[in-house]
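Let me begin by presenting the structure, written as structure tokens, before commenting on it.
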Amino acid sequence: MIAGIVGALVFVSIGFAELALVNRSVYPSLRWRYEKAKTTQSQGMSPATIMALVKFQSLVLMPVVGFLLASRMKLFG
């Protein structure tokens, strides 16, 4: 049980780092391309939708995977 909690904490910290990296480096270029493509009506998926998916993956799925995998890996106890 403790291994699962530690694994979830490790994976949530990885998720926070991933979210910060995407927010600082990927999102501005996505937003710029989206705004530029609005002039030709070929914008595609909104950057807000993409960021919502990244936030869900980073803050929900990563800790769940960490919790489930930590007990199988036996690294923390």
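The values are calculated or read from the model by the stated rules, or taken from the named source; none is laboratory data. The shown structure was predicted, so the numbers you read here are calculated from the model rather than taken from an experiment. Here the Cβ positions follow ideal geometry from the backbone for every residue, glycine too, while neighbour counts run over all protein chains shown.
Return yes when SER71 is farther than 21 Å from GLU18 by Cα and touching a Gly at 6+ places or on another chain (Cβ under 8 Å) and no when it is not. So SER71 passes the test.
Take GLN41 and decide whether it is more than 23 Å from VAL10 (Cβ to Cβ) and either touching a residue at least 60 places away in the same chain (Cβ under 8 Å) or polar (S, T, N, Q) (or both). Criteria met by GLN41. Answer yes or no as to whether GLU18 is in contact with a Ser or Thr (Cβ under 6 Å, 6 or more places away or on another chain) and without any contact (Cβ under 8 Å) to a residue 60 or more places away in the chain. Against the criterion (in contact with a Ser or Thr (Cβ under 6 Å, 6 or more places away or on another chain) and without any contact (Cβ under 8 Å) to a residue 60 or more places away in the chain), GLU18 qualifies.
Within region 45-77, take every residue that is modelled with pLDDT under 85 and either over 16 Å from GLY4 (Cβ atoms) or basic (Lys, Arg) (or both) and give me the one that is surrounded by the most Cβ atoms within 10 Å (Cβ to Cβ). I'd like the intermediate steps shown before the answer.
Residues of region 45-77 that are modelled with pLDDT under 85, as a first pass: 70-77.
Subset that is either over 16 Å from GLY4 (Cβ atoms) or basic (Lys, Arg) (or both): 72, 74.
Details: ARG72: 10, LYS74: 8.
The qualifying residue surrounded by the most Cβ atoms within 10 Å (Cβ to Cβ) is ARG72.
Report yes if some residue within region 54-67 is touching a residue at least 40 places away in the same chain (Cβ under 8 Å) and over 14 Å from the mean Cα position of the chain (by Cα); otherwise report no. Within region 54-67 (the criterion being touching a residue at least 40 places away in the same chain (Cβ under 8 Å) and over 14 Å from the mean Cα position of the chain (by Cα)), the answer is yes, since at least one residue qualifies.
SER13 meets the stated requirement of being among the hydroxyl-bearing types (Ser, Thr, Tyr) and either exposed (fewer than 11 other Cβ atoms within 10 Å of the Cβ) or free of Cβ contacts under 8 Å to residues at least 40 places away in the same chain (or both).
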